[in-house]
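This report concerns only the one structure given below.
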Amino acid sequence: MPPRIQTLEQHILETQRAHPAASGEFSWLLSAITLATRIISAHVRRAGLVDILGETGKTNVQGEIVQKLDLIANETIATCLGYRDNVGIMVSEEDDEPRILKEPDERAKYIVLFDPLDGSSNIDVNVSIGTIFSILQRRDGAGANKVMDHILQPGNRQIAAGYVIYSSSTVMAYTTGQGVHMFTLDPAIGAFRLIREHIKMPAQGKTYSVNEAYRPQFPKGVQEYLDWAKTEQAGGYGLRYIGSLVADFHRTLLTGGVFLYPPTQKAPKGKLRLLYEANPLALIAEQAGGAATDGKQRILDKVPTSLHERTSLVIGSKAEVERVHSFWRA
Ligand code: AHG
Ligand code: MN
Ligand code: MN
């Protein structure tokens, strides 16, 4: 019997069948995201052969230099989502303002937020990069500033979240709140195929992931944690830091440990963005049995106040996140 091929679309439909309330709407929306990431993956695989490396010469709302692939990824996702009549609003790291595809109503009820290309500094050196997405539903009874009321919801109201990592293979992980499931893009058939279901993050892991160059700028307690991790008593921690959040998180999800981006003088609220980096990965981490905080509170409980709001992030195995807290809060 040949091995069963289960594509992402089949998986979603089967999962949704278990939820009669689901109307197939979500799978219709997610198929736009999977199409976009397959197109982005094709571009990434040809980087250097076609003119997509390097900078655009523009700076985005984050104050960061925009890479060509950032824009290609952003427009690809916007185009694919534009064909879905159930998406009302789109928020992107690369766009100053939200894109209102359709006035949110009973039909156009989804809000899709994303980091189209995460790890931009790694594009030109062929290191793993990714796409991160978060899905909210419009908020009933949204107030005066309807658009921002629909968008600025805490992460615990996400109906789905996921990421794609463009690496030696292209892998997608997503959750709709019923566990974390992982798929590899099979280039032979152009479809994401199920490789793992109900992934559980190891309860602990001797790997910490941080940019230690900023150590002098970290809160004292974090510096003390980093000192402790190097002691005999800690039992042999290793440091891994790729500089693409998606890649550092993917490793942490599969092998355990902790990723941290604490506040620095340069980024006093942390560098990572709450709505489309921390929230989606925090939902995945918790669905896999891990934890995600800003050093003080649960990421998913933070009520956003602005579109591109930044946050500190401590995410990974529950025991490792708690250990960072024990030093940071001391
Ligand atoms: P992006 O490329 O979407 O701007 O994200 C980059 C982020 C994240 O991927 C990574 O963890 C972090 O920047 C690395 O920051 P440092 O270079 O300051 O370590
Ligand atoms: Mn990013
Ligand atoms: Mn980005």
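Since every read-out is calculated from the coordinates, none of them should be taken as a lab result. Note that the structure is predicted; figures quoted are calculated from it, not measured. As a convention, Cβ positions derive from the backbone with ideal geometry for all residues, glycine included, and neighbour counts pool all protein chains shown.
If packing is taken as the average count of other Cβ atoms within 10 Å, what order do 229-235, 114-120, 182-188 fall into, highest mean first?
Highest to lowest by the protection proxy: 114-120, 182-188, 229-235.
Name all residues of region 286-323 having a backbone nitrogen under 13 Å from the label point set 7 Å from the Cα of Met148 along its Cα→Cβ direction, giving them as ranges.
Under cut-off, by backbone N: 304-309.
Tell me the volume per residue, in Å³, of the convex hull enclosing the alpha carbons of the chain.
Value for the chain: 143 Å³ per residue.
Output the antiparallel fraction of DSSP beta bridges having both residues in region 207-328, as a percent to the nearest 5.
Of those bridges, close to 70 percent are antiparallel.
From the backbone phi of region 282-294, what are the Karplus-calculated ³J(HN,Hα) couplings (6.51 cos²θ - 1.76 cosθ + 1.60, θ = phi - 60°) in whole Hz, Gly and Pro given as x?
Result, rounded to whole Hz: 5, 5, 5, 4, 5, 5, 9, x, x, 9, 8, 9, 9.
Against the longest principal axis of the chain, how steep is helix 220-229, in degrees 0 to 90 to the nearest 10, with axes from Cα atoms?
Approximately 80 degrees, to the nearest 10.
So if we plug the beta-carbon distance of Tyr83 and Asp227 into 1/(1 + (r/R0)^6) with R0 = 51 Å, what FRET efficiency do we get, rounded to 0.05? Spell out each step's value before the answer.
Numbers: r = 53 Å, r/R0 = 1.03.
For R0 = 51 Å, the calculated efficiency reads 0.45.
List the chymotrypsin sites (Phe, Trp or Tyr not before Pro) within region 1-105 that DSSP assigns to loop and that have no more than 16 neighbouring Cβ atoms inside 10 Å.
Details: sites: Phe26, Trp28, Tyr83; in loops: Tyr83.
Of the chymotrypsin sites (Phe, Trp or Tyr not before Pro), the ones in loops of region 1-105 whose Cβ has at most 16 other Cβ atoms within 10 Å are Tyr83.
Tell me which trypsin sites (Lys or Arg not before Pro) from region 273-330 have a DSSP coil assignment and no more than 13 other beta carbons within 10 Å of their own.
In loop regions of region 273-330 (DSSP not H, G, I, E or B), the sparsely surrounded trypsin sites (Lys or Arg not before Pro) are Lys296, Arg329.
Extension gain Glu14-Ser306, at 0.36 nm per residue separation less the Cα-Cα distance, in nm? Kindly include the intermediate steps, with their values, before the conclusion.
Working: separation 292, 0.36 × 292 = 105.12 nm, distance 3.64 nm.
Separation in residues times 0.36 nm, less the Cα-Cα distance, equals 101.5 nm.
Whole-Hz ³J(HN,Hα) for each residue in region 52-62, computed from phi via Karplus 6.51 cos²θ - 1.76 cosθ + 1.60 with θ = phi - 60°, x for glycine and proline: what do you get?
10, 8, x, 9, 8, x, 9, 10, 8, 4, 7
Which FRET efficiency value, to the nearest 0.05, is calculated for Glu55 and Arg4 with the Förster distance at 35 angstrom and r the Cβ-Cβ distance?
Efficiency, rounded to the nearest 0.05: 0.20.
In degrees, nearest 10, range 0 to 90: what is the angle between the Cα axis of helix 8-17 and the longest Cα principal axis of the chain?
80
Quick query: amide H of Ala160 versus all other amide H atoms, modeled in the peptide plane; which residues come in under 5 Å with a sequence gap of 5 or more or a different chain?
Those lying under 5 Å, H to H, from Ala160 are Ile135.
Just want the answer: with Cβ charges of +1 for Lys and Arg and -1 for Asp and Glu, which residue in Val258, Pro219, Ser209 is farthest toward the dipole's positive end in region 207-328?
Selected residue: Pro219.
With both bridge residues required to lie in the chain, what share of the DSSP beta bridges run antiparallel, to the nearest 5%? Spell out each step's value before the answer.
Details: 45 of 55 bridges.
Within the chain, antiparallel bridges account for around 80 percent of the total.
Which of the listed residues, Met182, Ala288, Gly236, is farthest toward the dipole's positive end in the chain, when Lys, Arg count +1 and Asp, Glu count -1 at the beta-carbon?
Gly236
With label points built 7 Å along Cα→Cβ from the Cα atoms of Arg157 and Glu212, find their separation and express it in nm.
Calculated label separation equals 4.2 nm.
Highest GNM mean-square fluctuation, the chain, Cα pairs closer than 10 Å: which of Glu286, Glu64, Glu277?
Highest fluctuation among the options: Glu64.
Quick one: which residues, 5 or more positions from Ile195 or on another chain, have an amide H under 5 Å from its amide H? H modelled 1.01 Å from N in the peptide plane, none for Pro or chain starts.
Those lying under 5 Å, H to H, from Ile195 are Met182, Phe183, Thr184.
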